[in-house]
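Chemist: Take this structure, written in structure tokens, and hold onto it; I'll ask about it next.
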Amino acid sequence: MRRFVFAHLADAHVGAWPRNPALRERLRASVLRAIDVAVERGSEFLLISGDLFHTPSPEPSEAAPVAAALRKFVESGRRIYVIYGSHDYVAHRTSWLDVLAEAGVFVRVAPEAVRADGSAWTLPWTVDEPTGVLVAGISGRSHGLDREYFRSMDSSSFSSAPGFKVFQFHAAVEEYLPAHFRDKIAGIRVQDLPAGCGYYAGGHIHYTYEGTGPGGGLLVNPGAVFGTSRTDIENGEAGRTHRGLAIVTVEEGRASPELVDTMERGTIRTVDIDVTGRSAEAVSALVVARVRAEGAPAGTLVLPRLHGVLLAGKVSPLDLGPAREQLARDGVTVQVDVRDVEGSGPALDAPVTENAVETEEVERLLGPPGERPPWLEGAKGDRLVHDLLASLGVPKAEGESTLDYSNARRAEARRLLDVPGRSAE
């Protein structure tokens, strides 16, 4: 077998950060840079292991630049192999991935038929003709519903086929999950993967890890290209995880990865600011002082997270516009998070946070423990309702029609619930 190079990325989440234009722009730039790196390093093909898009139908202004870069990649004689992730898949509805696949931009590797639980099925595969690599995969589903697909899969024909084999998947692997994820995420086991692959191309967990699949093939989860949460950003800035893609060299049948970051550290900073005992009027000046104390150079995006109990009054009078304007003159962009700021005053029996209000509403919607449907019990049920509330609260984009907005919200709810449906007419 000749030497060859390929690239592997996952969890690009193009279209994430709908309420934060600065972060959305940086995410998109990081994804475009990852595609450029794949070309610069001589990759013959690109694996995308789920969640290329944050929703099945992202705004065209977000999806179009990435689609154009992927088309250019293919027109240069390279190939792209893709599986759906838990965010960009929705049953019985056309997504951007479907459109791009039909346009010949990439090959959808995984079979997408919706099956009854436990029904046996045979794993198909495709061949990358120039290299002879066999590529197969299973797409992700919300709430780990893909686990049963793994356990009812017959992969014996794929595993026994001659040649270098790649398997793409979008699921946590329990044996390799970082410790802080193990009590929060249910995953598949190594033994659920098909044996005999030279490379297992993972996705789903926004944290880099490596391991071995059944039979000893290399297993890599590169982590998110950029991230979709403050925690993702903090982990990337601290170097706890990579943000980018894997460049994989195969020589004499053995794969060797290089993890390449496409987001320079230090260009985004997070800072916690305690506003306890401050008036609403004084908070803006405090934000300016603390951000300047960070010594962030021009071009930096700073994410201050405010917390604590104000001296008096409610959170709503907080006006951080002057702080943003002053820091903008320094060349620094700020996006302030005030969700953990608490109001106080004689009209309030106790400070109430936005998170507390949301938690109370989630508990009301779920009903008493023991009376909930099994799929809404425990932390997973709480998380599902939180996600539904967050999805329904996404604002309508500029120029988006009411019908498109309504359909998008319905589609996202169906994705989270993993139920079929159709758009309004």
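Chemist: Residue by residue through region 67-93, note down the ones that are under 24 Å from Val133 (Cβ atoms) and part of a helix (DSSP H, G or I).
Modeler: Listed by number, the residues that qualify are Ala69, Leu70, Arg71, Lys72, Phe73, Val74, Glu75.
Chemist: Those residues that are at pLDDT 90 or above, aliphatic (A, V, I, L, M) and farther than 23 Å from Phe6 by Cα, I need them from region 128-178; list them, please.
Modeler: Met153
Chemist: Then there is this: Looking at Val338, is it modelled with pLDDT of 90 or more and either over 21 Å from the mean Cα position of the chain (by Cα) or open to solvent by less than 40 Å² (accessible area, probe 1.4 Å) (or both)?
Modeler: no
Chemist: Within region 45-62, is even one residue out of contact with any helix residue (DSSP H, G or I) (no Cβ under 8 Å at 6 or more places or on another chain), under 18 Å from Leu259 (Cα atoms) and part of a helix (DSSP H, G or I)?
Modeler: no
Chemist: Mind listing whichever residues of region 2-18 are open to solvent by 10 Å² or more (accessible area, probe 1.4 Å) and either among the small types (Gly, Ala, Ser) or at negative phi (or both)? Break it down stepwise before answering.
Modeler: We begin by selecting, within region 2-18, every residue open to solvent by 10 Å² or more (accessible area, probe 1.4 Å); these are 2-3, 5, 15, 17-18.
Result: Arg2, Arg3, Val5, Gly15, Pro18.
Chemist: Ok, one more. When you scan region 162-189, how many residues do you find that are among the hydrophobic types (A, V, I, L, M, F, W, C) and either open to solvent by 50 Å² or more (accessible area, probe 1.4 Å) or farther than 25 Å from Leu46 by Cβ (or both)?
Modeler: So the count comes out to 5.
Chemist: While we're here: Among the candidates Ile48, Ile80, which residue alone is closer than 28 Å to Leu384 by Cβ, at pLDDT 90 or above and in contact with a strand residue (DSSP E or B) (Cβ under 7 Å, 6 or more places away or on another chain)?
Modeler: Of Ile48, Ile80, the one residue that is closer than 28 Å to Leu384 by Cβ, at pLDDT 90 or above and in contact with a strand residue (DSSP E or B) (Cβ under 7 Å, 6 or more places away or on another chain) is Ile48.
Chemist: Would you point out the residue of region 31-44, among those that are open to solvent by 10 Å² or more (accessible area, probe 1.4 Å) and in a loop (DSSP other than H, G, I, E, B), that is farthest from Gly77 (Cα to Cα)?
Modeler: So the residue we want is Arg41.
Chemist: Does any residue of region 19-30 turn out to be without any contact (Cβ under 8 Å) to a residue 60 or more places away in the chain, open to solvent by less than 10 Å² (accessible area, probe 1.4 Å) and part of a helix (DSSP H, G or I)?
Modeler: Pass one, region 19-30, residues without any contact (Cβ under 8 Å) to a residue 60 or more places away in the chain: 21, 24-25, 28-29.
Checking which are open to solvent by less than 10 Å² (accessible area, probe 1.4 Å) leaves us with none.
No, that holds for no residue.
Chemist: Testing Thr55 on (1) polar (S, T, N, Q); (2) touching an Asp or Glu at 6+ places or on another chain (Cβ under 8 Å); (3) open to solvent by less than 30 Å² (accessible area, probe 1.4 Å), one condition comes back false. Which one is that?
Modeler: Of everything listed in (1) polar (S, T, N, Q); (2) touching an Asp or Glu at 6+ places or on another chain (Cβ under 8 Å); (3) open to solvent by less than 30 Å² (accessible area, probe 1.4 Å), Thr55 misses just condition (3).
Chemist: Can you report the number of residues in region 256-300 which are of a type in the set (A, V, I, L, M, F, W, C) and either in contact (Cβ under 8 Å) with a residue 60 or more places away in the chain or part of a loop (DSSP other than H, G, I, E, B) (or both)?
Modeler: 6
Chemist: Within region 229-257, how many residues turn out to be crowded, with 20+ Cβ neighbours inside 10 Å, under 25 Å from Pro18 (Cβ atoms) and out of contact with any Gly (no Cβ under 7 Å at 6 or more places or on another chain)?
Modeler: Of the residues in region 229-257, 4 are crowded, with 20+ Cβ neighbours inside 10 Å, under 25 Å from Pro18 (Cβ atoms) and out of contact with any Gly (no Cβ under 7 Å at 6 or more places or on another chain).
Chemist: Here is a list: Ala38, Ala16, Ala68. Which entry is out of contact with any strand residue (DSSP E or B) (no Cβ under 8 Å at 6 or more places or on another chain) and under 24 Å from Thr208 (Cα atoms)? Steps first, please.
Modeler: Numbers: Ala38 fails: out of contact with any strand residue (DSSP E or B) (no Cβ under 8 Å at 6 or more places or on another chain); Ala68 fails: under 24 Å from Thr208 (Cα atoms).
Exactly one residue qualifies, and that residue is Ala16.
Chemist: What's the number of the condition Ala246 fails, among (1) more than 27 Å from Leu306 (Cα to Cα); (2) under 17 Å from the mean Cα position of the chain (by Cα); (3) among the small types (Gly, Ala, Ser); (4) at pLDDT below 95?
Modeler: (4)
Chemist: For region 71-79, indicate whether the set of residues that are within 15 Å of Val14 (Cα to Cα), out of contact with any His (no Cβ under 9 Å at 6 or more places or on another chain) and open to solvent by 10 Å² or more (accessible area, probe 1.4 Å) is non-empty. It would help to see each step written out before you state the result.
Modeler: Here is the first cut: in region 71-79, the residues within 15 Å of Val14 (Cα to Cα) are none.
Taking every residue of region 71-79 in turn, none turns out to be within 15 Å of Val14 (Cα to Cα), out of contact with any His (no Cβ under 9 Å at 6 or more places or on another chain) and open to solvent by 10 Å² or more (accessible area, probe 1.4 Å).
Chemist: Of the residues Ala195, Ala201, only one is in contact with a helix residue (DSSP H, G or I) (Cβ under 8 Å, 6 or more places away or on another chain) and modelled with pLDDT of 95 or more; which?
Modeler: On inspection, the qualifying residue turns out to be Ala195.
Chemist: Within region 20-58, track down each residue that is within 16 Å of the chain's Cα centre (by Cα) and basic (Lys, Arg).
Modeler: Arg24, Arg26, Arg28 - these are the residues of region 20-58 that are within 16 Å of the chain's Cα centre (by Cα) and basic (Lys, Arg).
The values are calculated or read from the model by the stated rules, or taken from the named source; none is laboratory data. All values derive from a computational prediction rather than experimental measurement. Note that each Cβ is placed from the backbone with ideal geometry, even for glycine, and that neighbours are counted across all protein chains shown. These area figures cover heavy atoms from the full protein model, side chains too; ligands, DNA and RNA do not enter into them. Shrake-Rupley method; radii C 1.70, N 1.55, O 1.52, S 1.80 Å.
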